[in-house]
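The values are calculated or read from the model by the stated rules, or taken from the named source; none is laboratory data. Small disclaimer: the values here were computed from a predicted structure and weren't measured. Cβ sites come from the backbone with ideal geometry, for glycine too, and all protein chains shown count toward neighbours.
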Amino acid sequence: MAKLRNKRTTSEPAGNRALFAGISRNVFILGVTSFLTDLSSEVIYPLVPLFLTSVLGAPFLVVGLIEGIAESTASTLKIFSGWLSDRMRRRRPLTIIGYGISALSKPLLAAATVWPVVLLLRFGDRLGKGIRGAPRDALIADSCEPDCRGRVFGFHRAADTAGAALGALLALAALGLIGEKYRAIFLLSAIPAVLGVASLLLVRERSRPHPQEEAPRLSISQFDRKFKMFLLASAVFALGNSSDAFLILRARDLGLTAFATVFAYVIYNLVYSIFSMPAGSLSDRIGRRRMIAAGFIVFSLVYLGFALARSSIMIWPLFAVYGLYMAMTEGVGKAFAADMAPLNMRGTAIGTYHTTTGLLTFLSSLIAGLLWGSVGSFAPFLFGAVAGMAATGILIGAFKTKQLW
């Protein structure tokens with residue numbers, strides 16, 4: 001493992017001069033791209049479950065089906081796109097293609113008249129995310145030094161989530177100005193998405209041949225035991241981590257208006273953005289595993305709160321603390337996966353991490369929809385809290401040595 005770590009440290013590519021505090025030019029531009037893309041996405045995302053149920057008359061189970069298929073599509077493809085970027089030894093082309101597909105699919109939601117069309121378009125949007133995700137994250141990891149990787153991924157998540165917060169604010173403003181005219185809002189979302197794709201033209205990447213290293217395979221067996229145990233803990237956690245659409249629906253279930261629900265979602269994104277970079281920096285000092293385990297515990301407490309809440313007043317602090325959990329785990333998890341892979345397998349490792357959790361995302365959203373309909377609106381969150389604590393136990397108990405952690 002020491003040899004593997006040395007190889008990663010010495011094989012970082014040159015030509016990525018830091019603009020500030022370890023943030024290179026590539027990382028900064030990719031942050032701008034994600035900011036604009038998530039601004040576009042989050043104008044739409046909190047409105048889609050409301051559009052489905054109030055305009056198209058779709059049942060709650062369909063909401064779970066659509067979100068499960070959409071998110072699992074994105075995550076399942078990441079192992080293939082990450083592996084392909086390793087084989088090509090280029091990350092940028094797949095990143096541009098993925099962002100481009102997503103940009104095309106968003107405004108077409110305005111034409112949807114039945115829920116299967118929404119399913120198809122959400123599939124297209126997440127198809128683009130699946131193509132770009134692992135190559136982009138590997139490009140970020142390639143463009144920074146290992147000792148500040150948590151900070152760098154935290155910066156990217158902060159930029160991404162700041163766009164999400166602004167997008168949700170714009171959705172909130174649109175609801176206030178023009179009412180629940182979802183189709184017009186979907187059309188306007190195309191503008192920042194196109195700008196995000198255009199910004200990728202400024203990213204620079206050099207081909208990095210590795211003639212002395214074995215080509216990566218589409219197999220978990222090529223990774224070590226600690227990476228596999230991290231995947232197991234992440235999979236158990238993902239089983240209870242259903243789509244955020246159910247948080248939005250729970251807020252409505254407890255009496256919040258559409259306007260107030262989107263505003264609560266804005267608070268979540270603001271907290272997520274503000275704390276992402278500090279959490280990433282802290283993981284550089286105390287270790288990724290400790291930070292992720294703490295995040296899992298926070299998630300479990302938040303989901304327990306959503307299960308037990310009896311008043312809409314509880315939604316506000318729960319959404320805020322939910323943003324803290326995301327800041328503690330999302331970017332840190334990607335940095336953790338990158339830490340445990342050599343340069344020539346980095347895309348495959350990150351893609352494997354996303355695919356493992358994504359396959360469970362589809363099942364978890366279906367479970368949430370079934371539990372909501374057959375048991376009650378509290379049930380998906382109680383199930384998620386239990387899964388989160390089980391994942392924490394695996395993450396804490398499975399590792400007996402302190403090496404690398």
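What number of residues within the range 1-43 are assigned to a helix (DSSP H, G or I), modelled with pLDDT of 80 or more and of a type in the set (Val, Ile, Thr)?
6
Specify which of the listed residues (LEU232, LEU239, LEU202) is closer than 30 Å to SER311 by Cα and modelled with pLDDT of 85 or more.
Selected residue: LEU239, the only one of LEU232, LEU239, LEU202 that is closer than 30 Å to SER311 by Cα and modelled with pLDDT of 85 or more.
Would you mind telling me which numbered condition in (1) crowded, with 24+ Cβ neighbours inside 10 Å; (2) more than 16 Å from ALA193 (Cα to Cα) THR95 fails?
Going through (1) crowded, with 24+ Cβ neighbours inside 10 Å; (2) more than 16 Å from ALA193 (Cα to Cα) one by one, THR95 breaks only (2).
All but one of (1) modelled with pLDDT under 90; (2) out of contact with any Phe, Trp or Tyr (no Cβ under 7 Å at 6 or more places or on another chain); (3) surrounded by 21 or more Cβ atoms within 10 Å (Cβ to Cβ); (4) under 28 Å from ALA251 (Cβ atoms) hold for LEU366, so report the exception by its number.
Unmet for LEU366, out of (1) modelled with pLDDT under 90; (2) out of contact with any Phe, Trp or Tyr (no Cβ under 7 Å at 6 or more places or on another chain); (3) surrounded by 21 or more Cβ atoms within 10 Å (Cβ to Cβ); (4) under 28 Å from ALA251 (Cβ atoms): (3).
Collect the residues in the range 253-263 that are surrounded by fewer than 24 Cβ atoms within 10 Å (Cβ to Cβ) and either of a type in the set (Ser, Thr, Tyr) or in contact with a Leu (Cβ under 8 Å, 6 or more places away or on another chain) (or both), keeping them in residue-number order.
THR257, ALA258, PHE259, PHE263
Evaluate the range 172-186: report whether one residue or more is on the phi < 0 side of the Ramachandran plot, of a type in the set (D, E, K, R) and crowded, with 19+ Cβ neighbours inside 10 Å.
Checked the range 172-186: no residue is on the phi < 0 side of the Ramachandran plot, of a type in the set (D, E, K, R) and crowded, with 19+ Cβ neighbours inside 10 Å.
Which one is surrounded by the fewest Cβ atoms within 10 Å (Cβ to Cβ), of the residues in the range 223-252 that are charged (D, E, K, R) and more than 15 Å from the chain's Cα centre (by Cα)?
Taking the candidates together, the pick is ARG225.
Would you list the helices (runs of 4 or more DSSP H) that sit entirely within the range 77-192 and hold 2 or more residues that are touching an Asp or Glu at 6+ places or on another chain (Cβ under 8 Å)?
92-105, 115-142, 149-178
Per-residue answers, yes or no, for (1) outside any helix (DSSP H, G or I); (2) over 29 Å from GLY373 (Cα atoms):
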{"position": "SER242", "(1), (2)": "yes, no"}
{"position": "VAL262", "(1), (2)": "no, no"}
{"position": "MET277", "(1), (2)": "no, yes"}
{"position": "PHE296", "(1), (2)": "no, no"}
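Only one of (1) of a type outside the set (Val, Ile, Thr); (2) more than 20 Å from LEU395 (Cβ to Cβ); (3) part of a helix (DSSP H, G or I) fails for GLY255. Which number is that?
Result: GLY255 fails condition (3) only.
Condition check ((1) among the hydrophobic types (A, V, I, L, M, F, W, C); (2) in contact (Cβ under 8 Å) with a residue 40 or more places away in the chain) across all residues:
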residue	(1), (2)
LEU52	yes, yes
LEU77	yes, yes
MET88	yes, no
ALA110	yes, yes
ARG122	no, yes
GLY130	no, yes
ASP142	no, yes
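For PHE123, indicate whether it is surrounded by fewer than 23 Cβ atoms within 10 Å (Cβ to Cβ), within 19 Å of the chain's Cα centre (by Cα) and under 22 Å from ASN241 (Cα atoms).
Judged against the criteria, PHE123 is a match.
Does THR361 satisfy being in a helix (DSSP H, G or I) and either in contact with a strand residue (DSSP E or B) (Cβ under 7 Å, 6 or more places away or on another chain) or surrounded by fewer than 24 Cβ atoms within 10 Å (Cβ to Cβ) (or both)?
So THR361 does not fit the description; no.
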